[in-house]
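Beneath this line is the structure, given in structure tokens, with notes to follow.
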Amino acid sequence: MTDTQALKLDALVPSRSEVKAEDTWDLSSLFRDDEEWRAGLALYEKTAERISSFRGTLGKSAEALADYLDFTKDLRILGERLGVYSGLRQSEDEGSGEARTMTGKFTMAAAKTEAASSWENPEILAIPGGDMQRFLEHPRIAEYRVYLERILRFKPHILAEGEERITALHAEGEGTLHDVFSVLTNVDMNFGSLDTPAGKRPLTQSTWSTFMESPDRDLRRRAYNLFYGTFDAHKNTLAGLYAGSVKQDVVHARIRNFPSARAASLFPDNVNEAVYDNLIASVSENLSPLHRYYSLRKKILGLDEFRHYDVYAPLVKDTAKHATWEEAVDLVSGALQPLGGEYVETLRSGLLGRWADRYENRGKRSGAFSSGSYTGLPYILMNYRDDSIRDVFTMAHEGGHSMHSLYSAKSNPFMHYDYTIFEAEVASTFNEELLFRHLVKNAESARMKKWLLSRRADEILATLYRQTMFAEYEKITHELEEGGTPLTVDVLRGEYRKLLCKYFGSEIRLEETSDLEGLRIPHFYRAFYVYKYATGISAALALAERVVQGGKKERGDYFSFLASGGSRFPMESLKIAGVDMSSPEPVEAACKTFGRLVGELETLPEECP
């Protein structure tokens, strides 16, 4: 492609300045503008200079400890606002030098602050047990009790003061590998364009899924080859970045005296490694419905050969599935009625207002996320497309995160308001399940019902089976690094290909580049995170059934879960909601739910009216 062609292609995706203000988020709940943010950063840096004045005072009395905790709470609230604002500004346009400068300046300031306060945890842990117990009973410590108890739990993994300072100084560079991966894949890599019946269209991280959902198999094939061909050209760099990230995880765990990187990752949530292993084992024992589904896909699509670019092809053609942003909000609002009017109206108002950054622009981060904070709105980033029903489910999903953030911040002190990712994926996938139930109940035809069933099967597949495959891959790669096996590009691709064969079964014919998928997943740079999607949907399916079939108590239990924030460990808060994730039963039940969807699809006629 010539430079002129590339420029014409880029012009099809608007620049940030060309996006309507009403389609973007309003970040003024954090800071009015960049200038106020810079003033906030200056205040943060100046306030942080006082940290050392508290050193040596924390064990003197409960009041002295409370004085420091009051100070650090205010500093952290300001730091959270600064970090969220600059992070959101950068996600608007990863290529913006101004935004990257802001995130860089805050990262440096936060790392300096962390280094300056590296004495905090060792000093708290040095307080004699009897004194600490008395401190915890003091009224001024009440809002910090959970925070302090969680620090005390880390005692075996806290280093000496000097060592803590060294690790804090290294914190500034720990996100570099992910940042480089993000810039490389979202900004520097040009995936080109494709000729379509509607003319030449750009292939980007955001349009990728739309191409894979096209009923035109040749278009899917060309998009697949162009997309992975671009990744193939950068495979050694991508493998090096991921290998470095895994090595960083392993080193961090060893420094903190954890037996493994996975143990270190699961420790903060107090999740036993058996929960992770039970997930992989339960899903591995229930792959039959998944393989059955791929066989059904091959049959319905009328294919002699089932290829990797066929896995997302629509099973029902010519079914209306376009929804504007406003229409999607209506659909989501109708679906969430079992949660009551206050919940629905709050979310609806936010989505129609300025919570969300709605559409793609050049340089914008791909995918979607919710970014809540204690003092600001629970912002949502999307790259919404009105020709993909998946984006309506994404809206419901991210809306679940945002409402969880609102309930959590409203119900808890700052120092323990933030819930875990383990819990977050329950709130989001719960909303997706309610959306599916609403849509299938109101399906206008057998064709629409079949289409909805296939889409829901795809969603559960992506969240339960696919994320478990990712979780198994992370387990393998970290164990290889811990065992001394270098993670070369060939090793990474080989392990990933084995998993593709295991999860897709005998029906699929993989491409030579299929295993490059393992080098393009951004969540892998946040190790042992993706398993929470699979456990989350398992819990969410159980809780959705409980709320829909129950009454005021069941809904109240669910809201108690949303309001728990970080006041309890996730396994405990989920038990309050009504599900026990220490048992394999929720995962097995989720697999059975998927199997029932496949069964319904198998009984529907191939051509629905």
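The values are calculated or read from the model by the stated rules, or taken from the named source; none is laboratory data. Computed from a predicted structure; not experimentally measured. Cβ sites come from the backbone with ideal geometry, for glycine too, and all protein chains shown count toward neighbours.
Considering region 276-289 alone, what residues qualify as being closer than 17 Å to Tyr531 by Cβ and assigned to a helix (DSSP H, G or I)?
Tyr276, Asp277, Asn278, Leu279, Ile280, Ala281, Ser282, Val283, Ser284
For the list (1) out of contact with any strand residue (DSSP E or B) (no Cβ under 9 Å at 6 or more places or on another chain); (2) within 22 Å of Glu94 (Cα to Cα), I need the number of the one condition that Gln337 fails.
Evaluating Gln337 over (1) out of contact with any strand residue (DSSP E or B) (no Cβ under 9 Å at 6 or more places or on another chain); (2) within 22 Å of Glu94 (Cα to Cα) leaves (2) as the failure.
Please state which one of Arg509, Arg526 is surrounded by fewer than 17 Cβ atoms within 10 Å (Cβ to Cβ) and in contact with a strand residue (DSSP E or B) (Cβ under 7 Å, 6 or more places away or on another chain). Reasoning before the result, please.
Values: Arg526 fails: in contact with a strand residue (DSSP E or B) (Cβ under 7 Å, 6 or more places away or on another chain).
One residue alone meets the criteria, Arg509.
Out of all the residues in region 22-67, which are over 33 Å from the mean Cα position of the chain (by Cα), in a helix (DSSP H, G or I) and without any contact (Cβ under 8 Å) to a residue 40 or more places away in the chain?
Lys46, Ser53, Phe54, Ala64, Asp67, listed by residue number.
Check every one of the helices (runs of 4 or more DSSP H) wholly within region 529-609 and list those with 1 or more residues that are surrounded by 24 or more Cβ atoms within 10 Å (Cβ to Cβ) and in contact with an Asp or Glu (Cβ under 6 Å, 6 or more places away or on another chain).
Working: elements: 531-549, 552-563, 570-577, 585-603.
Fully inside region 529-609 and qualifying: 531-549, 570-577.
Only one residue in Ala544, Ala527 is under 29 Å from Thr230 (Cβ atoms), out of contact with any Pro (no Cβ under 8 Å at 6 or more places or on another chain) and among the small types (Gly, Ala, Ser), so which one is that?
Ala527
Pick from region 112-126 the residues that are among the hydrophobic types (A, V, I, L, M, F, W, C) and crowded, with 18+ Cβ neighbours inside 10 Å: which of them is nearest to Ser53 (Cα to Cα)? Step through it out loud before you land on a result.
Residues of region 112-126 among the hydrophobic types (A, V, I, L, M, F, W, C): 115-116, 119, 124-126.
From what is left, the residues that are crowded, with 18+ Cβ neighbours inside 10 Å are 115, 119, 124.
Working: Ala115: 14, Trp119: 12, Ile124: 15 Å.
Ranking the candidates gives Trp119 first.
Taking into account only those residues within region 100-131 that are over 17 Å from Ala168 (Cα atoms), small (Gly, Ala, Ser) and part of a helix (DSSP H, G or I), which is nearest to the chain's Cα centre (by Cα)?
Checked region 100-131; the qualifying residue nearest to the chain's Cα centre (by Cα) is Gly129.
Report the residue count in region 137-190 for those that are in a loop (DSSP other than H, G, I, E, B), within 25 Å of Leu58 (Cβ to Cβ) and at pLDDT 85 or above.
3
Which numbered condition in (1) closer than 16 Å to Leu601 by Cβ; (2) crowded, with 18+ Cβ neighbours inside 10 Å; (3) under 28 Å from the mean Cα position of the chain (by Cα); (4) at pLDDT 95 or above is the only one that Arg292 fails?
It fails just one condition, (3).
Please list, ordered by first then second residue, the pairs with beta carbon atoms under 8 Å, 6 or more apart or interchain, first in region 204-223 and closer than 11 Å to Arg385 by Cβ and in a helix (DSSP H, G or I), second of a type in the set (Lys, Arg) and at pLDDT 90 or above.
Thr210/Arg385
Return a yes/no flag: does region 404-424 have any residue that is within 23 Å of Thr210 (Cβ to Cβ) and either basic (Lys, Arg) or at pLDDT below 95 (or both).
Just the residues of region 404-424 that are within 23 Å of Thr210 (Cβ to Cβ), to begin with: none.
Within region 404-424 (the criterion being within 23 Å of Thr210 (Cβ to Cβ) and either basic (Lys, Arg) or at pLDDT below 95 (or both)), the answer is no, since none of the residues qualifies.
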